[in-house]
Protein chains: 2
Amino acid sequence: MKDLYPSRINGYPKIINRKDPIIYNSTANDGPLNQSELDFYEDNGYLFMPNLFSTDEVQILQQELRRNMNDNKESQEPHVIKESQGNEIRSVFDVHNNDEFFHDLSSHERIVSIAQQLLGSQVYINQSRINFKPGFKGKDFYWHSDFETWHMEDGMPNMRAVSCSIVLTDNYHYNGPLLLIPGSHKYFVQCVGDTPDNHYLESLKMQNFGVPDHDSINWLLEKGGKIDSAVGPAGSVLFFESNTLHGSNSNISPLPRSNVFFVFNSIENKLVEPFAGTTPRPEFAANRSNIKPIIPKNFEMTKKSFMVNKQYYYR
Amino acid sequence: MKDLYPSRINGYPKIINRKDPIIYNSTANDGPLNQSELDFYEDNGYLFMPNLFSTDEVQILQQELRRNMNDNKESQEPHVIKESQGNEIRSVFDVHNNDEFFHDLSSHERIVSIAQQLLGSQVYINQSRINFKPGFKGKDFYWHSDFETWHMEDGMPNMRAVSCSIVLTDNYHYNGPLLLIPGSHKYFVQCVGDTPDNHYLESLKMQNFGVPDHDSINWLLEKGGKIDSAVGPAGSVLFFESNTLHGSNSNISPLPRSNVFFVFNSIENKLVEPFAGTTPRPEFAANRSNIKPIIPKNFEMTKKSFMVNKQYYYR
């Protein structure tokens, strides 16, 4: 398969044009987003939808997040990521596979139908996690394109994936909200350097590879004209394109920031061998031969419905 | 001298009431601030004045900041503070003594008259610095009350000082602006722990002592109701009370953040022996016996005026 987006090359960084569509043959008739929402996503590479989940639903989501964090408190498993200083949990990965509640949530029609509309096909969850950025000492996360990593290290061939972040705490300007550069999804920044094998084990703690250079970030910011912040009340949902440059500052405020994060990939964009030539993560290797599109479910999110429904798919 | 604000005590942290006035017998007749500005400062502990310096003046100020930074690039002197990782300059201290331009600026009527009005007396510069928070990798600065440090380590007896920060770059929410907790100046947080001797040499790089505890910060935030951010265009000036709790998040954005920082102290609040019982910094020991109140000067800030005027006071 031809590598449309080579990266981590020796020599100088370079910016190339995006080679894939942004929205895949969809119109306002194909899903819940209207034309102006589709246009905003097309132009900026993200769409922030305030209060997509209600206050009551947020309460359940927060409860389940705390419950999951608590379940994993003593875990040494690789899907539980701790802060690089200290023992506090920063993220729990793969929650659509290892947690009943979040498995169900990942098929909720309210978000899946939007992902389907944006990607113009059936979708599956390529990656999921819950993130917890504690108050007082939440660390920053440097600028990056998720696609660069997914392409190089996981073998995602095309830009046809969308990240969905369900915001579970009020996001203010001062508690480390996601920052995005509008329009950056239209360009691919070729990063410098090689990828070490098994890099993914370290990359959540300290980023070293797949890091865009200063000049490229400046160039994208000049094009985009501003940095946008995903601030808004708990229950809001941010959709952002796989290649949109984003990051976040630290959080010294007492207010923690947590969210649920699903990456929807098009069923027509299945993973292949990593383009960096490295060994893929085991879960992604498995993913390739065992992908079922999500059947969106419209259900009421009550504590009870999640307690009684036990027919889940587990890998 | 009785210690009105004991801190760094063994055992538990404690919050006590402020024992000094906030504004010292001043009214709107005593200076440039009107009654509503005085009230805002009294209630919140700070006052942000947009565009107190013009665009032309900002240009001169920025030039002089860069010139000073450049002069100090290779300096190993203790008044030049580098980032804890790397060799980049974070701050240059004592610029009202060691730099002609910033010495003159520290007597500019536009700021001195406000300091005099707030402190109800003649004033002198107790401390000055220029700060440079680089783009891409500016570090965060944890919550603190300046007064706690100045009291314990430098021997400032009373809360009768005001910090003046002249903002030299546009401050956005996302490039690490100063964060403040409104009303926090009305309470003194007694911090836990002892002060090692010569702590000041390290304290700008990594804060360990005089750090308020989480519960106290939460309590102050609940009282204050919000976190405020000093965002605004270059040329704005922030005045904040010596005891106002403040800090800042990191800055991953490409936009650097720099400012000039003067601490005006009342001539009636001269330093004494440090209340922590430690050795005072040499410059503050000298300060105590050699203090002249500032005579405010109203002058046009042009490149030329600073080049020809060579009659400066140097220690």
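The values are calculated or read from the model by the stated rules, or taken from the named source; none is laboratory data. None of the values given here were measured: they were computed from a predicted structure. Cβ atoms come from the backbone with ideal geometry, glycine included; neighbour counts cover every protein chain shown. Ligands, DNA and RNA are excluded from the accessible area calculation, which covers all protein heavy atoms including side chains. Shrake-Rupley method; radii C 1.70, N 1.55, O 1.52, S 1.80 Å.
Filtering the range A:229-248 to residues that are within 14 Å of chain B (Cβ to nearest Cβ) and under 17 Å from the mean Cα position of the chain (by Cα) leaves A:Ser229, A:Ala230, A:Val231, A:Leu245, A:His246, A:Gly247, A:Ser248. The single condition from (1) closer than 17 Å to A:Phe261 by Cβ; (2) away from chain B (no Cβ under 14 Å); (3) more than 18 Å from the chain's Cα centre (by Cα) that A:Asn87 fails is (1). So, B:Pro182, is that one modelled with pLDDT under 95 and either in a loop (DSSP other than H, G, I, E, B) or surrounded by fewer than 21 Cβ atoms within 10 Å (Cβ to Cβ) (or both) or not? Criteria not met by B:Pro182.
Out of (1) open to solvent by less than 80 Å² (accessible area, probe 1.4 Å); (2) out of contact with any Leu (no Cβ under 8 Å at 6 or more places or on another chain); (3) not aliphatic (A, V, I, L, M), the odd one out for B:Phe48 is which? The number of the failed condition is (2).
Conditions (1) at pLDDT 90 or above; (2) closer than 25 Å to B:Glu42 by Cα; (3) open to solvent by 20 Å² or more (accessible area, probe 1.4 Å); (4) of a type in the set (A, V, I, L, M), marked per residue:
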| site | (1), (2), (3), (4) |
| --- | --- |
| B:Met206 | no, no, yes, yes |
| B:Leu220 | yes, yes, no, yes |
| B:Pro233 | yes, yes, yes, no |
| B:Val237 | yes, yes, no, yes |
| B:Asn243 | yes, yes, no, no |
| B:Leu255 | yes, no, yes, yes |
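Looking across the range B:137-173 at every residue that is small (Gly, Ala, Ser) and part of a strand (DSSP E or B), the one that is nearest to the other protein chains (Cβ to nearest Cβ) is identified as B:Gly138. Restricting the range A:1-35 to residues that are polar (S, T, N, Q) and not in a helix (DSSP H, G or I), the residue that is most open to solvent (accessible area, probe 1.4 Å) is A:Asn25. Across the range B:259-284, the qualifying residues are those that are at pLDDT below 90 and surrounded by 16 or more Cβ atoms within 10 Å (Cβ to Cβ), and the one among them that is nearest to the other protein chains (Cβ to nearest Cβ) is B:Ala276. Just checking, does the range B:115-133 include any residue being within 14 Å of another protein chain (Cβ to nearest Cβ) and not aliphatic (A, V, I, L, M)? Yes: the range B:115-133 contains one or more residues that are within 14 Å of another protein chain (Cβ to nearest Cβ) and not aliphatic (A, V, I, L, M).
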